[in-house]
1. Are there any pairs, at least 6 apart or on different chains, whose C-beta atoms fall under 7 Å, with the first in the stretch 117-134 and touching a residue at least 12 places away in the same chain (Cβ under 8 Å) and within 16 Å of the ligand (Cβ to nearest atom) and the second acidic (Asp, Glu) and in a helix (DSSP H, G or I), and if so, which?
2. Out of Arg147, Arg180, Arg153, Arg128, report the one residue that is in the same structural domain as Leu206 (by TED's automatic domain parsing), touching a Gly at 6+ places or on another chain (Cβ under 8 Å) and among the basic types (Lys, Arg).
3. I'd like to know if the stretch 108-116 contains one or more residues that are assigned by TED's automatic domain parsing to the domain that holds Asp196, among the aromatic types (Phe, Trp, Tyr) and closer than 17 Å to Ile267 by Cα.
4. For the stretch 64-84, check the following and say yes or no: at least one residue is in the same structural domain as Glu354 (by TED's automatic domain parsing), over 26 Å from the mean Cα position of the chain (by Cα) and either assigned to a helix (DSSP H, G or I) or in contact (Cβ under 8 Å) with a residue 40 or more places away in the chain (or both).
5. Residue under question is Cys141, and the condition is that it be surrounded by 16 or more Cβ atoms within 10 Å (Cβ to Cβ) and within 15 Å of the ligand (Cβ to nearest atom); does it hold?
6. Just to be sure, is Pro366 assigned by TED's automatic domain parsing to the domain that holds Gly36 and within 16 Å of the ligand (Cβ to nearest atom)?
7. Within 30 Å of Pro379 (Cβ to Cβ) and either modelled with pLDDT under 95 or over 20 Å from the mean Cα position of the chain (by Cα) (or both): does that describe Glu104?
8. Residue under question is Lys166, and the condition is that it be away from the ligand (no atom under 16 Å from the Cβ), closer than 30 Å to Leu295 by Cβ and not assigned by TED's automatic domain parsing to the domain that holds Pro335; does it hold?
Amino acid sequence: MADIFEKLVKHYGPIGQHADRSYGYFMFPKLEGEIGNRMQFRNKEVIVWSLNNYLGLANHPMVRKIDADASEEFGLAYPMGARMMSGNTNYHEKLEKELATFEEKEDAILLNYGYQGIMSTIDAICGRHDIVVYDAESHACIIDGLRLHPGHRYVYKHNDVEDCEKQLQRATALVEKQGRGGILVITEGVFGMAGDQGKLKEICALKSKFEFRLLVDDAHGFGTLGERGGGVGEAQGCQADIDLYFSTFAKSMASIGAFLAGPKVIIDFIRYNIRSQIFAKSLPMPLVIGNLKRLDMLRTMPELKNKLWENAMKLQNGLKEYGFDIGNTDSVVTPIYMKGDVPEATAMVMDLRENYGIFCSIVVYPVIPKGHIIYRLIPTAAHNDEDIQRTLDAFKITKEKLDAGAYNVEAIPNMADAR
Ligand SMILES: Cc1ncc(COP(=O)(O)O)c(C=O)c1O
């Protein structure tokens with residue numbers, strides 16, 4: 001019999017296979033210093049475009065103060081135990097109420113993490129006769145949540161409403177044949193890689209033809225979209241038709257945790273049945289108090305979202321003027337599509353970091369097809385005009401080098417930290 005570990009040490013997987021040359025540089029890099037537009041990378045200042053610190057809250061003095069004060073008062077332990085058993089507080093309930101009101105829903109439940117929370121929500125609400133219809137480019141937490149779903153699922157082509165309708169027809173036919181079960185549609189509010197908004201308004205319109213409920217993961221829309229920052233439903237005028245609205249606190253709120261908002265009876269059901277919360281410790285108090293403050297700032301300081309969008313538009317318009325392909329983004333997420341293979345892409349990233357002081361993330365095969373590269377830039381309210389101009393200029397020069405074959409290397413440059 002084989003040792004179960006044997007295969008693991010032979011091959012670290014599609015990403016891990018590059019570990020020897022990339023640890024600490026292309027993967028697991030260490031950004032140091034205060035979180036913001038400029039940070040330290042290997043003792044050099046870089047302009048950072050990799051953090052979902054959309055509103056610039058991560059290092060805002062008001063946020064730092066509330067986090068520190070709450071930590072001093074409560075420590076990280078309180079409250080101990082799961083919410084249901086011994087880990088509930090008035091602050092947890094206050095945050096839930098405020099989130100529900102902000103998202104124009106009857107109730108909300110806190111989740112310790114977004115990834116776990118979505119998975120566990122799918123597990124809690126879908127039974128074996130239920131059918132899930134979901135977007136092909138859904139985040140891993142949705143895909144992994146579906147692994148827990150014992151019933152059928154139908155995937156529709158990314159943001160293709162016609163195909164969504166086709167899958168709803170199949171799902172409806174199956175539900176009718178079974179004589180039981182219901183349908184849940186799941187999509188993202190903003191797709192985090194390409195930055196395109198989910199076609200929520202059109203999907204909601206399908207409710208006039210089909211019977212289904214809609215769950216939206218709005219991790220990237222919460223705080224960035226809509227007049228009040230309420231997210232994609234607010235931006236597209238269909239919040240009331242989103243049955244379950246989800247966001248993490250890990251992006252606009254620059255914190256940890258997540259929430260799900262919806263009808264009171266359903267959120268209450270979830271409260272008593274969501275395994276990731278029932279069998280896990282409650283969010284610690286500094287996070288709850290810190291998230292209350294962040295939500296208050298998100299609601300009352302529109303200048304943060306305005307600045308974010310001003311920066312995003314300058315960056316996106318500048319890239320388009322320079323002839324870059326930024327795809328179909330209609331959010332602040334800014335992808336730059338280029339052609340090249342993995343070694344080329346990493347050589348260009350290295351040049352950007354070492355010689356131009358630009359730190360951004362790249363997405364390559366196997367996440368996207370071979371021969372394609374996506375540079376993903378996340379503008380924030382903390383960036384300034386100089387950051388944007390220097391970045392545009394750096395991309396212009398390095399793209400010329402890429403096209404001229406200057407980054408044609410055999411292998412990923414060896415930039416690994418000693419381990
Ligand atoms: C769309 C989406 N959903 C869920 C998550 C997971 O959130 P968390 O970091 O709170 O687990 C993320 C974050 O990466 C995300 O982008």
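The values are calculated or read from the model by the stated rules, or taken from the named source; none is laboratory data. Because the structure is predicted, anything quoted here is derived from the model rather than measured. For neighbour counting, all protein chains shown are included, and Cβ atoms are generated from backbone atoms with ideal geometry for every residue, glycine included.
1. Close Cβ pairs satisfying both conditions: Met119/Asp144.
2. Details: Arg147 fails: touching a Gly at 6+ places or on another chain (Cβ under 8 Å); Arg180 fails: touching a Gly at 6+ places or on another chain (Cβ under 8 Å); Arg153 fails: touching a Gly at 6+ places or on another chain (Cβ under 8 Å).
It is Arg128.
3. Start the filter on the stretch 108-116 by keeping residues that are assigned by TED's automatic domain parsing to the domain that holds Asp196, which leaves 108-116.
Within this subset, residues satisfying the condition of being among the aromatic types (Phe, Trp, Tyr) are 113, 115.
In the following step, the residues that additionally are closer than 17 Å to Ile267 by Cα were identified as 113.
Yes.
4. No, the conditions are met nowhere in the stretch 64-84.
5. So Cys141 passes the test.
6. Spelling it out, it is not the case that Pro366 is assigned by TED's automatic domain parsing to the domain that holds Gly36 and within 16 Å of the ligand (Cβ to nearest atom).
7. Values: within 30 Å of Pro379 (Cβ to Cβ): yes; either modelled with pLDDT under 95 or over 20 Å from the mean Cα position of the chain (by Cα) (or both): yes.
So Glu104 fits the description; yes.
8. Against the criterion (away from the ligand (no atom under 16 Å from the Cβ), closer than 30 Å to Leu295 by Cβ and not assigned by TED's automatic domain parsing to the domain that holds Pro335), Lys166 does not qualify.
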